[in-house]
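Peer 1: Sharing a structure here in structure tokens format.
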Amino acid sequence: MGYGGTRLEDIAAEAGISRTTVYHYFPSRRDVFVEIGRRATLAFRSVLETAVAIPDEWTEDDVAALIDAHLGYLDAYGAVLTTWTQATWNDRGLRDLGIGAQPTQFRGIGTELRRLRGGPADID
């Protein structure tokens, strides 16, 4: 069905709540999606926190913990990444929201991976 074919009624049915309840909290499908994107962005922080917690003298267990954190994030929010692409095709506002969050996330994880490889902590 994808983002374009999903209605608030579909979301309510999937959640097992009334359509009125969904409308009470979210006036539109877009508002639901923005909230999901916000939660996905916040959830990625746990992946970054896992990377930050790895010592410079890391072990295979440290790397396994980072991989587990990232795969857990993808299990919970991986579909959001694909759906966001569909949703932003015709919605510049959603596209701008996504583009605003991604560089911060990518820079953070990139900085930590660079550190773990023994490189400089930050590159401007």
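The values are calculated or read from the model by the stated rules, or taken from the named source; none is laboratory data. Predicted model, so just to flag it, every value in this text is computed and none were measured. Reconstructed Cβ throughout: ideal geometry from the backbone, glycine too, with neighbour counts over all protein chains shown. What goes into the accessible areas is simple: the full protein's heavy atoms, side chains included, and nothing from ligands, DNA or RNA. Shrake-Rupley method; radii C 1.70, N 1.55, O 1.52, S 1.80 Å.
Peer 1: Confirm whether Trp84 is of a type in the set (A, V, I, L, M, F, W, C), modelled with pLDDT under 90 and open to solvent by less than 60 Å² (accessible area, probe 1.4 Å).
Peer 2: On the way: of a type in the set (A, V, I, L, M, F, W, C): yes; modelled with pLDDT under 90: yes; open to solvent by less than 60 Å² (accessible area, probe 1.4 Å): yes.
Yes: the conditions hold for Trp84.
Peer 1: Tell me yes or no: at least one residue of the range 71-78 is among the aliphatic types (A, V, I, L, M) and open to solvent by less than 40 Å² (accessible area, probe 1.4 Å).
Peer 2: no
Peer 1: Residue by residue through the range 19-66, note down the ones that are hydroxyl-bearing (Ser, Thr, Tyr) and closer than 23 Å to Leu97 by Cα.
Peer 2: Tyr23, Tyr25, Ser28, Thr41, Ser46
Peer 1: Of all residues in the range 26-44, which are assigned to a helix (DSSP H, G or I), surrounded by fewer than 17 Cβ atoms within 10 Å (Cβ to Cβ) and of a type in the set (Gly, Ala, Ser)?
Peer 2: Ala43
Peer 1: Then there's this: What are the residue pairs meeting all of these: first residue in the range 21-50, first residue closer than 20 Å to Arg92 by Cβ, second residue among the basic types (Lys, Arg), Cβ atoms under 9 Å, and 6 or more apart or on different chains?
Peer 2: From the range 21-50, the pairs are Arg29/Arg7.
To keep it simple, each residue is scored yes or no on (1) closer than 22 Å to Val34 by Cβ; (2) more than 13 Å from the chain's Cα centre (by Cα); (3) touching a residue at least 40 places away in the same chain (Cβ under 8 Å).
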{"site": "Asp61", "(1), (2), (3)": "no, yes, no"}
{"site": "His70", "(1), (2), (3)": "no, no, no"}
{"site": "Trp84", "(1), (2), (3)": "yes, no, yes"}
{"site": "Thr88", "(1), (2), (3)": "yes, yes, no"}
{"site": "Leu97", "(1), (2), (3)": "yes, no, yes"}
{"site": "Pro103", "(1), (2), (3)": "yes, no, no"}
{"site": "Arg107", "(1), (2), (3)": "no, yes, no"}
{"site": "Leu113", "(1), (2), (3)": "no, yes, yes"}
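Peer 1: How many residues does the range 2-25 contain that are farther than 21 Å from Thr82 by Cβ and not in a helix (DSSP H, G or I)?
Peer 2: Looking only at that region, the number is 3.
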